[in-house]
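Input: a single structure, listed below in structure tokens.
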Amino acid sequence: MTRSSVPRRGFVAVLASGAVGLALTPTVGRAQVDVGPLSSLRTLVPADQLEAAAAQQYRSLLAQAHAKGALAPDDHPQLRRLRAIAQRLIPHALPWNARAQRWQWEVNLIGSRQINAFCMPGGKIAFFTGILDQLALTEDEAAMVMGHEMAHALREHARERIAKTQATGLGLSLGAQLLGLGDLGRLAADLGTQLLSLKFSREDETEADLVGLELAARGAYDPHASVTLWRKMAAVTGNNGLEFLSTHPSGPNRIRDLQTNIPKVEGLYEQARRAG
């Protein structure tokens, strides 16, 4: 699908139907991948403000895509496939972050050659057609991408990275931030434009890979697709300095980490697959 081939439809209707309404229930059994607790540093950025800023930026992005005829309608087959994947992954989000219970999850598709996908704080998911078409993603591979992006939101990596950036850039002590927020609080209201270009650390990426791997496995998607996904990414973008979205460092180590953890979630996958 190219931008010019996406039929235009009423923006309000498309946005409203983009919501993925699900009652989250705790995943049965403990997590199989080990990524440790959520970073305490994230608490220096108000979550409600960050999620509100993300929702505003998401709406703005969809409006721009709609104006250019690049926002996929509800009946587009690729979008329907993505929303079906989300329906299978989202119910397993709650054990990773209690805030997910309140999120209004949305999934939308934008016509663009960019190899891109993201999940903003608050569960706002978007895929670009470039990542689906140029990588010829299977359903299992698309689920690995979605799980990875959902994991960034569930692990609150954006909140943590912004807190670290502001603690350094503004020279604020942790005590002052905890007590008053001040500039940090005002900043949280204007974070939307930063969320699409935020760089995550390698540790964040590893966490997102592993949490996403388990989310997808619990949704009955083959965990081995995580390896074929990154091999496709390397083939399309090249092994030298490979980066997904220019913010996702990758390479052989990433694939090795995934291969090491696949056995931990294969039982979850088989159980989910048998359950239909």
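The numbers here are math on the coordinates, done by the rules we state, and not lab data. This structure is a prediction, so every number in the text was calculated from the model and none was measured. Counting neighbours? That spans all protein chains shown, and the Cβs are built from the backbone with ideal geometry, glycine included.
Numbers at a glance
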quantity: Partners for Lys68 among lysines (Cα-Cα distance below 30 Å; same-chain residues under 8 apart left out); calculated: Lys124, Lys199, Lys232
quantity: Added length on full extension, which subtracts the Cα-Cα distance from 0.36 nm per residue, His224 to Ser40; calculated: 63.0 nm
quantity: Distance from the range 44-97 to the range 102-167 (C-alpha centre basis), Å; calculated: 8
quantity: Mean Cβ neighbour count within 10 Å, used as a protection proxy, ranking 31-38, 150-157 highest first; calculated: 150-157, 31-38
